[in-house]
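Taking it in order: structure first as structure tokens, then the write-up.
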Amino acid sequence: DANGNLTERCMVDGIEVILHRADYPDTDITLVKGIRCTTALRTVIDLAAEATSIELGEMVDDCLRRGLFTIAEAWRRLAQPDLVGHRGADVIRRMLPPTELT
């Protein structure tokens with residue numbers, strides 16, 4: 001993918017799914033109906049490298065509106081060492097409004 005992660009295409013119940021394989025910290029993992037997935041924030045960070053600015057804005061606005069993460073949480077995560085040089089994280093850093101890291 002655009003972040004340099006390995007991808008794999010597979011079919012799940014007749015729907016094509018693209019799996020992105022990478023090492024993620026436990027804080028970026030959640031369970032959805034018993035399936036390990038990345039959190040909304042990590043998903044947005046990873047998709048940012050390939051999304052248009054309009055798509056990315058809509059994703060971030062939707063997540064903020066639904067309370068899936070806050071701007072402060074996003075900035076805290078973006079400041080962590082494993083996201084230095086991450087292409088999607090760099091895109092998010094440029095589009096997020098500034099906030100105090102509290």
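Read the figures in this text as sums done on the coordinates, not as results from a lab. No experiment lies behind these values; they were computed from the predicted model shown.
Descriptive notes on the structure:
- Calculated on C-alpha atoms, the gyration radius of the chain divided by its Kirkwood radius gives an Rg/Rh of 0.96.
- Karplus-based coupling profile of region 63-69, in residue order and whole Hz: 5, 5, 4, 8, x, 6, 6, with θ = phi - 60° in 6.51 cos²θ - 1.76 cosθ + 1.60 and x standing for Gly or Pro.
- The chain - mean residue ellipticity at 222 nm from DSSP helices (-39,500 (n - 2.57) per run, n ≥ 4, rounded to 500): -11000 deg cm²/dmol
- Relative contact order [Cα under 8 Å, 6+ residues apart], the chain, whole percent: 23
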